[in-house]
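A short write-up of the structure that comes next.
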Amino acid sequence: MKVPGNGPETGVRRPDGAAETGFESVCMLESRHVLQTYKRAPVVFARGEGVYLVDEAGNAYLDLISGVGVASLGHANPALAAALADQARTLVHTSNLYYHGLQGLVASRLASLSGLPRAFFCNSGTEAMEGCLKFARRFWHTAGDTARTGLVALEHAFHGRTMGSLSVTWDEHYRAPFAPLLPDVAWVSPDDPEGLAAAVSGRTAAIVIEAIQGEGGVRPLSPAFADAVRGAQRRTGALLVADEVQCGLGRTGRAFGYQRLGLEPDLVAVGKALGAGVPVGAALLSERMAAAVSAGDHGSTYGGNLLACRAALVFLDALTAGGLQEHVQAVGAQFAAGLRELAGRHAVVREVRGAGLMWGLDLQVDAAPFVQAALRRGVLINRTSNTVIRLLPPLVITAAEVDLALSQLDAILAEGVRERAA
């Protein structure tokens, strides 16, 4: 796809100020100086607009992954750009040694949406999860039950890559190179409510869940499992930590994914969508959790600075007053119907899972060739849990763009099957 009127873009610049353009030069510079922890797709993006990203040659790509759920308002959103420019001209950072006028505004908005009255600001989802785990430990320490340190987490879960959040991330290939991690983590299948009941005891500090598991294959928790969580909480007093980093903040058509299940968490981690591209995360706490935390128990140098909070306010304005939740419900239903129709036409699709604008197409085969076929067609998707095509488009995607996405996915599924057969 080509964006009309857009020519080649300027590439990176060498230290001497001369321009370096082209995929090869970018790769060469990164290979020399950037830690090689990512397997990047062979494309260099220069700018974006709405649901499109544009490479340095002017080719446009329909973005159905939105930076793994981060670009919630699309790319180059005018309201976000104006707010960030204004804030950058005014004041960006003061540290948490002092007050500023925006943290309380963001915290109060999050409290209204979640029912949890306190927020701790950080820079990312994994930091938010790390904070939630620390606060859960702190709660029981304050209560005088220092032996209550156990955690119950779910198979297929992904909660981040810091040492605490990694400890409750299920896939062994993430955890094994960094062992030993936090001890006393029990794993339960999200399809086994009885197993959860058996795993949670008087030594369990917290149950850790995602209402829809993202990295684990876009797997929604069932109402029966949610009932088991509530029962375990009532029986043992175990805390509930809800990881809403990917499935929260409007992604499912509700402010939070746990609300679809009727759950009442004690701690909630948010990130990704909150800054619409600007790094910001938060741990949300109930009042009884907050009462157990003392000054100095946790901190963040950058967390909740003025620039990040200004971005969060733009997003929260769109989510509430801007009608974004209702929009996601409408286009999400359109997406769901279209994806199920595709599954009926393509035998390679084993299952369609998700809600709102968070979907996974679980294939009968490895999804990697389909991701590559999509890139060649100018469509950005990604593969997770080996066989799942994950779709996380910007929350502002229009009905017409959903139709285009479905048409492209139809062709991608057919092309991927043909390539496998060749």
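The values are calculated or read from the model by the stated rules, or taken from the named source; none is laboratory data. What you are looking at is a predicted structure, and each value in this text was computed from that prediction instead of being measured. As a convention, Cβ positions derive from the backbone with ideal geometry for all residues, glycine included, and neighbour counts pool all protein chains shown. In case anyone asks, the SASA skips ligands and DNA or RNA and just uses the protein heavy atoms, side chains included. Shrake-Rupley method; radii C 1.70, N 1.55, O 1.52, S 1.80 Å.
Using a 1.4 angstrom probe, figure out how much accessible area region 251-294 has per residue, in square angstrom, rounded to the nearest whole. Present the calculation step by step, with values, prior to reporting the outcome.
Numbers: 1260 Å² over 44 residues.
The answer is 29 Å² per residue.
For a quick check: with amide H placed at 1.01 Å from N, whose amide H comes under 5 Å from Arg47's, ignoring anything fewer than 5 positions away on the same chain?
For Arg47, the qualifying residues are Val54.
Over all directions, average the projected area of the Cα convex hull of region 206-275 and note it in nm².
So the mean shadow area of the Cα hull is 4.4 nm².
If you consider only alpha-carbon coordinates, what radius of gyration and Dmax does region 139-204 have, in Å?
12.7, 36
Please compute the Cα-Cα pair-distance distribution of region 44-125 with 10 Å bins starting at 0, giving whole percents from short to long.
In whole percents, the pair-distance histogram is 14, 31, 34, 17, 3.
Would you mind checking region 105-126 for residues with the amide N under 19 Å from a putative spin-label position 7 Å along Cα→C-beta of Glu326?
113
Taking P(r) over Cα pairs in 20 Å bins from 0, in percent straight from the coordinates, which label in (1) 21, 52, 25, 2, 0; (2) 24, 55, 21, 1; (3) 25, 57, 17, 0 is the correct one?
It is the value labelled (3).
FRET efficiency for Ala295 and Arg47, Cβ-Cβ distance as r, R0 = 25 Å, nearest 0.05?
Working from the Cβ atoms, E equals 0.05.
For the residue pair Arg235 and Met163, what label-to-label distance in nm results when each label sits 7 Å from Cα along the Cα-to-beta-carbon direction?
3.3 nm
At 7 Å along Cα-to-Cβ for each site, give me the label-to-label distance between Asp366 and Tyr174 in nm.
Label-label distance for Asp366 and Tyr174, simple model: 2.1 nm.
When the expected Rg is taken as 2.2 N^0.38 Å, what fraction or multiple of it is the alpha-carbon Rg of region 274-340?
1.56
Where does the chain land at 222 nm, in deg cm²/dmol rounded to the nearest 500, when only DSSP H runs of n ≥ 4 count, each adding -39500 (n - 2.57), divided by all residues?
When only DSSP H runs of four or more count, the value is -11500 deg cm²/dmol.
List every residue whose amide H lies under 5 Å from the amide H of Leu240, counting only residues 5 or more places away in sequence or on a different chain, with H placed 1.01 Å from N in the peptide plane.
Sorted by chain and number, the residues that satisfy this are Ile207, Asp266, Leu267.
Given just the C-alpha atoms of region 105-250, how large is their convex hull per residue in cubic angstrom?
116 Å³
Roughly speaking, what is the stretch gain from Glu419 to Thr90, that is 0.36 nm per residue apart minus the C-alpha to C-alpha distance, in nm to one decimal?
Additional length available on full extension: 113.0 nm.
Could you give log10 I(q)/I(0) at q = 0.15, 0.18, 0.22 Å⁻¹ for region 315-422, computed by the Debye formula over C-alpha point scatterers of equal weight, without solvent?
The Debye formula, applied to the Cα set alone, gives -0.60, -0.83, -1.17.
Would you mind classifying region 180-307 by shape? Square roots of the alpha carbon gyration tensor eigenvalues, ordered a ≥ b ≥ c; an a/c under 1.5 is rounded, otherwise it is prolate if a/b is larger than b/c and oblate if not.
oblate
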